[in-house]
Amino acid sequence: MLSSEEIEKLMKAGAILRAVRGKAASLAREGVNIADICEGVEGEIRRLGGEPAFPCNVGIDSVAAHYTSPPGELGTVPGGALVKVDFGAHVDGYVADTAVTVSTGSIYEDMIRVAEEALERGLQSVAVGGKIADVGVAVEKLIRGRGFRPISNLTGHQIERYTIHAGVSIPNVSSGMVSGRFEPWSVYALEPFVTLPDAKGFVSNGQPGNILQIVKLKGPKEGPSRQFFREAFRRYRTLPFTKRWTGEGWKELLDQRILYEYPVLSEASGKPVAQAEHTVVTTEKEVLLST
């Protein structure tokens, strides 16, 4: 059961993201350095009293997830693109997660509206004790009814303290393999991903995307990497972080598999993707919209 103090922290994290969404959308303009988007969003979260729950992700066109700027980023936002900005905030480890998609003149900007409509339809399907599979049915039906295709292997997710992906997945397609129900006193992020009808409709792993996470809680016994591990765990615990936020000590920890580096996820046929995301908090009977 979540205490009133815990719910207050979750809702504060969500309120921070609501305030930052407009900033994120305004930053994602043609010609803007991608690092300026990431650091602008992350800085605004901190200014409003939270901490980034993970590095701000910026996905351009076919890139659906898990890219954040490296140190010294040179890339800029192109014209004619769909730009996903996915970001989260936490207050004392209590996390909210959201995303927006911005068009810089893309001929596919209708997909943004469809992603937002699919998210709304999915949120309407969430009920305490309700079937998780119902969300996938509702989301897929709306997306296909609008003439587009959902990304089948990207899902929403349960969230726990200091944990973005807590084990329960919220599907964006109908599937007889999905079981489980929405539990009371829990946190869930719903995030439909939409692509073109002639796309493959799933994402594949690409190059590392500059996002790191501690996956082994027992760090090195000695050496410079021990201090890096201790500081990283103190600051981020089991939340993802980025090379932009740290020194060079991560390299040895990656070799020792103490750290995991997320790969960039891109639509398998190279087609553009739109995304929308919100977080909900369940109580004993209610579903509260956090973001």
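Of all the residues that make up the stretch 31-73, how many are closer than 21 Å to ALA276 by Cβ and of a type in the set (D, E, K, R)? Of the residues in that region, 3 qualify. Tell me which residues, restricted to the stretch 201-236, are of a type outside the set (A, V, I, L, M, F, W, C), under 30 Å from ALA274 (Cα atoms) and surrounded by fewer than 16 Cβ atoms within 10 Å (Cβ to Cβ). Passing the criteria: SER204, ASN205, GLY206, GLN207.
When GLU231 is tested against (1) touching a Pro at 6+ places or on another chain (Cβ under 9 Å); (2) not in a loop (DSSP other than H, G, I, E, B), just one condition goes unmet, and that condition is (1). Restricted to the stretch 185-198, and to residues there that are touching a Gly at 6+ places or on another chain (Cβ under 8 Å) and in a loop (DSSP other than H, G, I, E, B), the residue that is farthest from VAL83 (Cα to Cα) is PRO197. Just so you know, in the stretch 15-72 the residues that are touching a residue at least 12 places away in the same chain (Cβ under 8 Å) and acidic (Asp, Glu) include one that is farthest from LEU239 (Cα to Cα), and it is GLU30.
Inside the stretch 133-158, residues that are touching a Lys or Arg at 6+ places or on another chain (Cβ under 8 Å) and either free of Cβ contacts under 8 Å to residues at least 24 places away in the same chain or crowded, with 22+ Cβ neighbours inside 10 Å (or both) make up a count of 4. Among the residues of the stretch 167-200, just one is surrounded by fewer than 19 Cβ atoms within 10 Å (Cβ to Cβ), within 21 Å of ILE112 (Cα to Cα) and aliphatic (A, V, I, L, M), namely LEU196.
Applying the selection to the stretch 193-228, what residues are over 20 Å from LEU142 (Cβ atoms) and among the small types (Gly, Ala, Ser)? Of everything in the stretch 193-228, those that are over 20 Å from LEU142 (Cβ atoms) and among the small types (Gly, Ala, Ser) turn out to be SER204, GLY206, GLY209, GLY219, GLY223, SER225.
Looking only at the stretch 205-215, decide whether some residue is over 20 Å from the mean Cα position of the chain (by Cα) and either more than 21 Å from VAL83 (Cβ to Cβ) or in contact (Cβ under 8 Å) with a residue 12 or more places away in the chain (or both). Taking every residue of the stretch 205-215 in turn, none turns out to be over 20 Å from the mean Cα position of the chain (by Cα) and either more than 21 Å from VAL83 (Cβ to Cβ) or in contact (Cβ under 8 Å) with a residue 12 or more places away in the chain (or both).
Anything in the stretch 117-174 that is part of a loop (DSSP other than H, G, I, E, B) and among the hydroxyl-bearing types (Ser, Thr, Tyr)? List them, or say none. Even if it seems obvious, please write down each step before you answer.
Restricting attention to the stretch 117-174, the residues satisfying the condition of being part of a loop (DSSP other than H, G, I, E, B) are 125-130, 132, 146-148, 151-155, 161-162, 164-168, 171-174.
SER125, SER152, THR155, TYR162, SER174 - these are the residues of the stretch 117-174 that are part of a loop (DSSP other than H, G, I, E, B) and among the hydroxyl-bearing types (Ser, Thr, Tyr).
Where a number appears in this text, it was derived from the coordinates with a stated rule and is not lab data. Because the structure is predicted, anything quoted here is derived from the model rather than measured. In this analysis, Cβ positions are derived from the backbone assuming ideal geometry, glycine residues included, and neighbour counts consider all displayed protein chains.
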